[in-house]
Amino acid sequence: MSDRLPRLRALRARRAHNGTADTAPAAPAHQHNPDASTSVVDAAIYRDGDRVASPGSLAETYQMLKNDPEAMAWIGLYRPNEDQLASLAAEFDLHELALEDAIVAHQRPKLERYDETLFVVLRAARYLDALEEVEFGELHVFVGQRFVVTVRHSEAPDLGSVRRRMESTPELLRRGTEAVLYAILDKVVDGYLPVVAGLENDIDEIEIEVFGGDPAVSRRIYELSREVVEFQRATRPLVGMLAALSAGFTKYVVDEELQRYLRDVRDHVDQVIERVDGFRELLKDMLTVNATLVAQQQNEEMKSVALASNAQSEEVKKISAWAAILFAPTLIGTVYGMNFTHMPEVDWVWGYPFALLLMAGVCGGLYLVFKQRDWL
C-alpha cells in the first residue's frame, strides 16, 4: 500500500491534464494531510446498532475501530483529496482500480467486488423545479465487513438523512454494513420518484405546447429526451447490480430481512425504469406529431403563398390585356398624327371614319381574344 499515494497523485495529474478535474476550487495546503477533516462530512463508530463515538479525524477513526473488534465505522466524504483516499486505501486495503474510479469520477453505475470489499457506483438524480431540469450526481460506496466509506462528488444524494434514519432504527443498523448499503440504495432510488414526477409534468406541458403551435417546442422535446436518456443510464444498470447482490446472498450470508428490503428496492427500480421507458417512447411520438404538424403548417403557408401568387398573376394578366387593347388605337392615332405632306389618307373623305373603325375593330378583336382566354 505504500506505493499507492504516488499513483493517486499521478491519477490526479492525469485527470487535470485531460480536463476532467473537479470543478470545486483547489484544496488549501493543509488538506494534504490525510487527517484533514475538511472533506470528512461525518465519521462515526457503531456497535450493536448504536453510535458510540464520533472521531475527529481519520486516524482517530482507524484507532477506535482497531480497539473495538465488534465495532463498525461509517465515514462520509465529500470530494476528498488524494491523500485522504490513499490513507483509506492503506487502512482498509482498497483496490487501486476502485480508487482510480473514486478520484476521476464520471463513472457509470456499477457494482464490483474486490476480495472482501464491495465497490458501488451510483448516479443520484434530483429535479430542479426552478429550472425544470434534472441534475445528476455521483456517489461511490466502499463496503467492507467492518466499514462503509461513501464518497460524494455532488450535492445529491443527502446521506445525512440516511445516517439519521439508520441511527434512529438500531435494529436495522445492527445488521451490519450491508444494511447501510441497502439504506443508501433505497435513498438513491427513492430520489428518482420526484424526478419521474417532474419529467411527467414536463411532458404534459410539452404536449399542450405541441398542439398549441409553439415554435420552440421542438428544442424542448430534444432537451427533455436527452434528460430521459441520461436518466435511463442512471437507472438501468441498477437492475444488474441488484441481481448481482441477490446472487451473493447465500455465499456472503446476507440477513434474510435485508434480502427482503433489497427486493423491495428492486421493485421500485423496475417501476422507475418502466415509467422512464414510457417517457422515451412518448417523447418520440410527440416529436413525430410535432414534425407532422409543422409540415402541415408549412403546407398551409405555401398554399397561401401560391394562392396569393395566382391572384397576383391574374391581376397582371388583366393589366397586360388592357394595355394591349389600349395600345392598338394609340398606335393608329400616332401614325395619322404625324402630319406628313405626302400621306394619301389625308385627302381621303372616309379616312377619319375608317381610322376610328379600325381602332374600334382592333380593340374589339383583342378584347374578344383575351376574354376567350380568361384574361379578362
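Does the stretch 259-268 contain any residue that is assigned to a helix (DSSP H, G or I), hydroxyl-bearing (S, T, Y) and under 23 Å from the mean Cα position of the chain (by Cα)?
Our first condition is that a residue be assigned to a helix (DSSP H, G or I); within the stretch 259-268, this holds for 259-268.
Checking which are hydroxyl-bearing (S, T, Y) leaves us with 261.
When the remaining residues are screened for being under 23 Å from the mean Cα position of the chain (by Cα), the result is none.
Taking every residue of the stretch 259-268 in turn, none turns out to be assigned to a helix (DSSP H, G or I), hydroxyl-bearing (S, T, Y) and under 23 Å from the mean Cα position of the chain (by Cα).
Taking the stretch 139-165, which residues are touching a residue at least 40 places away in the same chain (Cβ under 8 Å) and farther than 14 Å from L99 by Cα?
G144, R146, F147, V148, L159, G160, R163
Could you tell me which of the residues L242, L282, L224 is more than 18 Å from E112 (Cα to Cα), surrounded by 18 or more Cβ atoms within 10 Å (Cβ to Cβ) and either at pLDDT 85 or above or not basic (K, R) (or both)? Show your work before the answer.
Numbers: L242 fails: more than 18 Å from E112 (Cα to Cα); L282 fails: surrounded by 18 or more Cβ atoms within 10 Å (Cβ to Cβ).
Sole residue among the options that is more than 18 Å from E112 (Cα to Cα), surrounded by 18 or more Cβ atoms within 10 Å (Cβ to Cβ) and either at pLDDT 85 or above or not basic (K, R) (or both): L224.
Out of the stretch 113-136, which residues are more than 10 Å from A234 (Cβ to Cβ) and basic (K, R)? Quick ask: steps written out before the conclusion?
From the stretch 113-136, those more than 10 Å from A234 (Cβ to Cβ) are 113-121, 126-133, 135; that's our starting set.
Passing the criteria: R113, R126.
Name the single residue that is surrounded by the most Cβ atoms within 10 Å (Cβ to Cβ) among those in the stretch 35-61 being outside any loop (DSSP other than H, G, I, E, B) and out of contact with any Leu (no Cβ under 9 Å at 6 or more places or on another chain).
The first filter runs over the stretch 35-61 and keeps only residues outside any loop (DSSP other than H, G, I, E, B), leaving 40-47, 50-53, 58-61.
With out of contact with any Leu (no Cβ under 9 Å at 6 or more places or on another chain) added as a condition, the list becomes 44, 47, 52-53, 59-61.
Numbers: A44: 21, R47: 15, V52: 14, A53: 18, A59: 14, E60: 16, T61: 24.
Filtering first and then ranking leaves T61.
Residue-wise test of (1) within 20 Å of D50 (Cβ to Cβ); (2) not charged (D, E, K, R).
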position	(1), (2)
D93	no, no
V120	no, yes
G137	no, yes
F147	yes, yes
V151	no, yes
P170	yes, yes
L185	no, yes
V189	no, yes
V195	no, yes
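Take E300 and decide whether it is over 30 Å from Y182 (Cβ atoms) and within 38 Å of the chain's Cα centre (by Cα).
For E300, the condition - over 30 Å from Y182 (Cβ atoms) and within 38 Å of the chain's Cα centre (by Cα) - is met.
Report yes if F211 is surrounded by 15 or more Cβ atoms within 10 Å (Cβ to Cβ), of a type in the set (F, W, Y), assigned by TED's automatic domain parsing to the domain that holds R126 and in a helix (DSSP H, G or I), otherwise no. Don't jump to the end; show me each part of the working.
Values: surrounded by 15 or more Cβ atoms within 10 Å (Cβ to Cβ): no; of a type in the set (F, W, Y): yes; assigned by TED's automatic domain parsing to the domain that holds R126: yes; in a helix (DSSP H, G or I): yes.
So F211 fails the test.
Sort out which residues of the stretch 152-207 are out of contact with any His (no Cβ under 6 Å at 6 or more places or on another chain), more than 25 Å from I45 (Cα to Cα) and among the aliphatic types (A, V, I, L, M), and write them in order of number. Talk me through it step by step, then tell me what you get.
First, the residues of the stretch 152-207 that are out of contact with any His (no Cβ under 6 Å at 6 or more places or on another chain): 152-188, 190-207.
Adding the requirement that they be more than 25 Å from I45 (Cα to Cα) leaves 190-207.
L193, V195, V196, A197, L199, I203, I206 - these are the residues of the stretch 152-207 that are out of contact with any His (no Cβ under 6 Å at 6 or more places or on another chain), more than 25 Å from I45 (Cα to Cα) and among the aliphatic types (A, V, I, L, M).
From the list V148, V104, exactly one residue is in the same structural domain as E227 (by TED's automatic domain parsing), over 26 Å from A243 (Cβ atoms) and in contact with a Ser or Thr (Cβ under 7 Å, 6 or more places away or on another chain). Which is it? Break it down into steps so the answer makes sense when it comes.
On the way: V148 fails: over 26 Å from A243 (Cβ atoms).
Being in the same structural domain as E227 (by TED's automatic domain parsing), over 26 Å from A243 (Cβ atoms) and in contact with a Ser or Thr (Cβ under 7 Å, 6 or more places away or on another chain) holds for just one of V148, V104, which is V104.
What pairs can you find where one residue is in the stretch 94-108 and more than 24 Å from E135 (Cα to Cα), the other is of a type in the set (K, R) and surrounded by 17 or more Cβ atoms within 10 Å (Cβ to Cβ), and their Cβ atoms are less than 8 Å apart, with a gap of 6+ or different chains?
E96/R4; L99/R4
Listed residues A306, A247; which is among the aliphatic types (A, V, I, L, M), farther than 26 Å from E207 by Cα, modelled with pLDDT under 90 and not assigned by TED's automatic domain parsing to the domain that holds Y114? First the steps, then the outcome.
Values: A247 fails: not assigned by TED's automatic domain parsing to the domain that holds Y114.
Matching residue, one of A306, A247: A306.
Just one of L139, L173 is surrounded by 20 or more Cβ atoms within 10 Å (Cβ to Cβ) and either touching a Pro at 6+ places or on another chain (Cβ under 7 Å) or not assigned by TED's automatic domain parsing to the domain that holds L111 (or both); which is it?
It is L139.
Return the residue satisfying two criteria in turn: it lies in the stretch 110-138 and is among the aromatic types (F, W, Y) and touching a residue at least 60 places away in the same chain (Cβ under 8 Å), and of such residues it is farthest from P194 (Cα to Cα).
So in the stretch 110-138, the residues among the aromatic types (F, W, Y) come out as 114, 119, 127, 136.
The next check asks that each one be touching a residue at least 60 places away in the same chain (Cβ under 8 Å); those that pass are 127, 136.
Numbers: Y127: 7, F136: 13 Å.
Filtering the stretch 110-138 for residues that are among the aromatic types (F, W, Y) and touching a residue at least 60 places away in the same chain (Cβ under 8 Å), the one farthest from P194 (Cα to Cα) comes out as F136.
Can you tell me how many residues in the stretch 98-133 are surrounded by fewer than 21 Cβ atoms within 10 Å (Cβ to Cβ) and either among the aromatic types (F, W, Y) or assigned to a strand (DSSP E or B) (or both)?
8
What number of residues in the stretch 221-237 are hydrophobic (A, V, I, L, M, F, W, C) and either farther than 14 Å from F136 by Cβ or not assigned by TED's automatic domain parsing to the domain that holds P109 (or both)? First the steps, then the outcome.
Kept after step one, since they are hydrophobic (A, V, I, L, M, F, W, C), are these residues of the stretch 221-237: 221, 224, 228-229, 231, 234.
Still in the running and either farther than 14 Å from F136 by Cβ or not assigned by TED's automatic domain parsing to the domain that holds P109 (or both): 221, 224.
Going through the stretch 221-237 one residue at a time, the tally reaches 2.
Give the residue that is surrounded by the most Cβ atoms within 10 Å (Cβ to Cβ), with candidates limited to residues of the stretch 69-92 that are among the acidic types (D, E) and farther than 17 Å from R152 by Cα. Walk me through how you get there before you give the answer.
From the stretch 69-92, those among the acidic types (D, E) are 70, 82-83, 91; that's our starting set.
So of that shortlist, the ones also farther than 17 Å from R152 by Cα come out as 70, 91.
Working: E70: 9, E91: 20.
Applying the filter and picking the extreme gives E91.
Going by the conditions given, is Y182 at pLDDT 90 or above and touching a Ser or Thr at 6+ places or on another chain (Cβ under 8 Å)?
Details: at pLDDT 90 or above: yes; touching a Ser or Thr at 6+ places or on another chain (Cβ under 8 Å): no.
In short, no.
The values are calculated or read from the model by the stated rules, or taken from the named source; none is laboratory data. Remember, it's a predicted structure, so these values are computed and weren't measured experimentally. Note that we place each Cβ from the backbone using ideal geometry, even for glycine, and neighbour counts take in every protein chain shown.
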